[in-house]
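Below is one structure; the comments refer to it alone.
The values are calculated or read from the model by the stated rules, or taken from the named source; none is laboratory data. Only a predicted model underlies this, so the values are computations on that prediction, with no experimental measurement involved. In this analysis, Cβ positions are derived from the backbone assuming ideal geometry, glycine residues included, and neighbour counts consider all displayed protein chains. Remember, those area values only see protein heavy atoms, side chains included, never the ligands or the DNA or RNA. Shrake-Rupley method; radii C 1.70, N 1.55, O 1.52, S 1.80 Å.
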Amino acid sequence: MGCFCCKNSVKEPKKLIYSWVERKHLDPADYMIENLNGCTAYKSPGSIGGQQFVIRNCQDSNIYLLDHIGSVTIDDCQRCTIIVGPTKQSIFVRDTINSTVVVACGQFRVRDCAFLKISLFCSTQPVIESSRELQFSCYQFYYNQLADQFTKADLNIWNNNWRTVYDYTWNEGDNWTVNEEPIVVDLPDELNKYGITSESKKSVVPLTKCNQQSGENCFVAFGFGIEALRFIQAFQSHETDLLLINCNYSDGKDTKVFPERAKLFETKKVETIIGLQIQGPHAINKCLAHD
């Protein structure tokens, strides 16, 4: 038998162009830190650019990722300090012990870990499983590029669920606790050029405390984030005994809540509303004094 083929009747198949072909050629080694022992390593702003990152098998080391990231996994680390820049999706910590973790992310998960200090910003409810002796505190951190990186990672500073931890593991006793005092970490001098600090007064994220169930509660609403930040800085810079308990954010996409809250501003048109719950002795009068 023979085979007849006419060239003119055969169309060239359409060449597929995959997304990873269109990207710059990336070296996976640039997005991984592993097997450190007694070392300090850091990634500077702009060096990760929203890619995924892996940290694994490190001991007695300090690791600083000062850029916005897609997602991060941290595995098998011991006695480390790990600081991770704004992460759009999830940070997953596994099989890690006796370490300090400072992170901001959309989702936060911990599994098979023990004796961790966690300074956390999380847009959703943090989840832990098969872990113990975890201590959570409110994320307090700053470097010059951090606010811009929060924006690039689609993280809203007014939406921090750091203390609403959900524990999948049931047992006797608590596997996690809340520390209302921010975590202070030692930072190497070589990072000073980025203006880096863990001082609360410079933090990009407002410091929120647990409900004390005492004193007055005052709810204050702002149409602009900069106004809310100035208000917080004003009462925290004076000895007012006032605490910021909760922050709440809504915009026009929230068709159920936003229209009702927008009425608070009467004729003033606003596109976003930031609500603050302030608590303490004579909170209402003190808030009016700082308004």
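With a 1.4 Å probe and all protein chains left in place, how much accessible area per residue does the chain have, in Å²?
58 Å²
Taking H placed 1.01 Å from N in the peptide plane, check which residues at least 5 places from Thr40 or on another chain put their amide H under 5 Å from its amide H.
Asn62
Could you work out the relative contact order of the chain? I mean the mean sequence separation of Cα pairs under 8 Å and 6+ apart, divided by the number of residues, in percent.
Relative contact order comes out at 11 percent.
Counting only protein heavy atoms and using a 1.4 Å probe, what share of the accessible area of the chain belongs to carbon plus sulfur, as a whole percent?
48 percent
Round to the nearest 10 and report in Å² the accessible area of Thr177, as given by a 1.4 Å probe over the protein chains' heavy atoms.
Near enough 70 Å² of accessible area.
Using modelled backbone amide H atoms (1.01 Å from N, in-plane), which distant-in-sequence or interchain residues come within less than 5 Å of Phe224's amide H?
Ile274
If I stretch the segment between Ala41 and Glu129 completely, what's the gain in nm (0.36 nm per residue apart, minus their alpha carbon distance), one decimal?
Result: 28.8 nm gained on full extension.
What list of ³J(HN,Hα) values in whole Hz, one per residue of the stretch 138-151 in order, does the Karplus curve 6.51 cos²θ - 1.76 cosθ + 1.60 (θ = phi - 60°) give from phi, with Gly and Pro shown as x?
Once θ is set to phi - 60°, the couplings for the stretch 138-151 become 6, 4, 9, 7, 7, 8, 4, 9, 5, 4, 5, 5, 4, 5 Hz.
Starting from the 7 Å offset along Cα-to-Cβ, what nm value, one decimal, do you get for the label separation of Asn98 and Lys268?
Distance between the two pseudo-spin positions: 5.4 nm.
If r is the Cβ-Cβ distance from Ile284 to Asn248 and R0 is 22 Å, what FRET efficiency results, to the nearest 0.05?
The calculated FRET efficiency here is 0.75.
Expressed in nm², what is the orientationally averaged projection area of the convex hull enclosing the Cα positions of the stretch 133-221?
Mean projected area for the stretch 133-221: 8.7 nm², to one decimal.
Between Asp148 and Arg79, how many nm apart are label points set 7 Å from Cα along the C-beta direction?
3.8 nm
Across the stretch 50-55, in residue order, what do the Karplus-derived ³J(HN,Hα) couplings come to in whole Hz, using 6.51 cos²θ - 1.76 cosθ + 1.60 with θ = phi - 60° and x for Gly and Pro?
x, 7, 6, 9, 10, 10
Would you kindly compute the Cα radius of gyration of the chain and its largest Cα-Cα separation (Dmax), both in Å?
Cα-based Rg and Dmax for the chain come out at 23.5, 99 Å.
I'd like the Karplus ³J(HN,Hα) series for the stretch 29-35: coefficients 6.51, -1.76, 1.60, θ = phi - 60°, whole numbers in Hz, and an x wherever there's a Gly or Pro.
Once rounded to whole Hz, the list reads 5, 6, 10, 8, 10, 8, 6.
Restricting to bridges with both residues inside the chain, how much of the DSSP beta-bridge set is antiparallel, in percent to the nearest 5?
In the chain, DSSP labels about 25 percent of beta bridges as antiparallel.
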